[in-house]
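Right, one structure below, let's go through it.
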């Protein structure tokens, strides 16, 4: 269980402090959770604070009762928190198979690598020995990073706008990947997204607005209000 207690975050902007998050309180169990809200509401900042990329200005983060507020991103990864960046990084000299083996914490057989790549919509034979470098597109990197979190089987898997740069066929496949991960891993999947189709498969939706949690509830409770209020729940065609 992940608990965020009175989380606030400020950042310097032009010589003054801007408040990005304000007194956020949230408890997450073994659920599929989608965080949504207007641009600039603090969604990605919240995800990075959970992962340990950013440190909150105030507040406390607990993982299964353990205070992890001061722990680094590496320490949190060792405790079972995985993070997929909105813009994945590139690693010259490291192959896709190498990276999936590192993520899994063991030497991974080619057959397993191929299976994971197929899950995220990549033709396995074309990617197993490819380097994770500039020859890969943003969409390809995104799918490989999702496969890495699948391999890692993290207690908490965080995805920051996983639909970015993904084509229509891959997006439809992505939905099935998230559902399968949630079913098999039995952990927490936390996704930052505007996508209505992702929100519609979440167990719980968190609506952020102006750095505060406005609403938390099931999709049945939150989606009618979101759609009725004209919130930016984008379709894939809006992004292409």
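Coordinate-derived values only; no laboratory data. No experiment lies behind these values; they were computed from the predicted model shown. Ideal geometry is used to build each Cβ from the backbone, glycine not excepted, and the neighbour counts take in all protein chains shown.
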**Report entry** DSSP beta bridges in the chain [antiparallel fraction, %, rounded to 5]
**Finding:** 60 percent
Requested in this report: Working from Cα positions, state the angle (0 to 90°, nearest 10) between the long axis of helix 110-119 and the longest principal axis of the chain.
Outcome: 50 degrees
Query raised in the report: Once both axes come from the Cα atoms, what is the angle between helix 138-152 and the longest principal axis of the chain, in degrees from 0 to 90, rounded to 10?
Result: 90 degrees
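Tell me, 137, 41 in order of fewest to most beta-carbon neighbours within 10 Å?
Values: 137 10, 41 21.
Going from sparsest to densest Cβ surroundings: 137, 41.
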Report summary line: If one compares the long axis through the Cα atoms of helix 219-228 with the longest principal axis of the Cα atoms of the chain, the angle in degrees, nearest 10, works out at 70 degrees
Report task. Output the relative contact order of region 1-143, whole-number percent, from Cα pairs under 8 angstrom with separation of 6+ residues. Result -> 20 percent
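Rounded if a/c is under 1.5, else prolate if a/b beats b/c, else oblate: with a ≥ b ≥ c from the C-alpha gyration tensor eigenvalues square-rooted, which is region 27-76?
Details: a/c = 2.02, a/b = 1.31, b/c = 1.54.
The shape class here is oblate.
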Query raised in the report: Where the centre of each part is set by its Cα atoms, how far does region 143-158 sit from region 4-65, in angstrom?
Result: 21 Å
**Report entry** Rounded to 5, percent antiparallel among DSSP beta bridges of region 115-226
**Finding:** 50 percent
Query raised in the report: What nm distance separates the two modelled labels at residue 118 and residue 12, each placed 7 Å from Cα along Cα→Cβ?
Result: 5.2 nm
Query raised in the report: Where a ≥ b ≥ c are the square roots of the eigenvalues of the C-alpha gyration tensor, would you call region 95-193 rounded, which needs a/c under 1.5, or, failing that, prolate if a/b is larger than b/c, or oblate?
Result: oblate
Query raised in the report: Using a ≥ b ≥ c from the Cα gyration tensor of region 11-128 (square roots of the eigenvalues), is it rounded, prolate or oblate, where a/c under 1.5 gives rounded and otherwise the larger of a/b and b/c decides, a/b for prolate?
Result: prolate
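If you wrap the chain's Cα atoms in a convex hull and average its projection over all directions, what's the area in nm²?
Numbers: hull surface 53.4 nm².
Reported value for the Cα convex hull: 13.3 nm².
Express the relative contact order of region 174-229 as a whole percentage, based on alpha carbon pairs under 8 Å and six or more residues apart in sequence. It would help to have the intermediate numbers written out before the result.
Numbers: 38 pairs, mean separation 12.7, N = 56.
Rounded, it is 23 percent for region 174-229.
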Query raised in the report: Over region 1-69, what is the mean sequence separation of C-alpha contacts under 8 Å (at least six apart), divided by residue count, expressed as relative contact order in percent?
Result: 41 percent
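So what is the 222 nm mean residue ellipticity for the chain from helices alone, if each DSSP H run of at least 4 adds -39500 (n - 2.57) and you divide by all residues, rounding to the nearest 500 deg cm²/dmol?
Values: 10 runs with 89 residues, N = 240.
That calculation yields -10500 deg cm²/dmol at 222 nm.
Mind pulling up the Rg/Rh value for region 64-137? Radius of gyration and Kirkwood radius, both on Cα. Walk me through the intermediate numbers first.
Numbers: Rg = 14.7 Å, Rh = 14.1 Å.
With Rh from the inverse mean 1/r over Cα pairs, Rg/Rh is 1.04.
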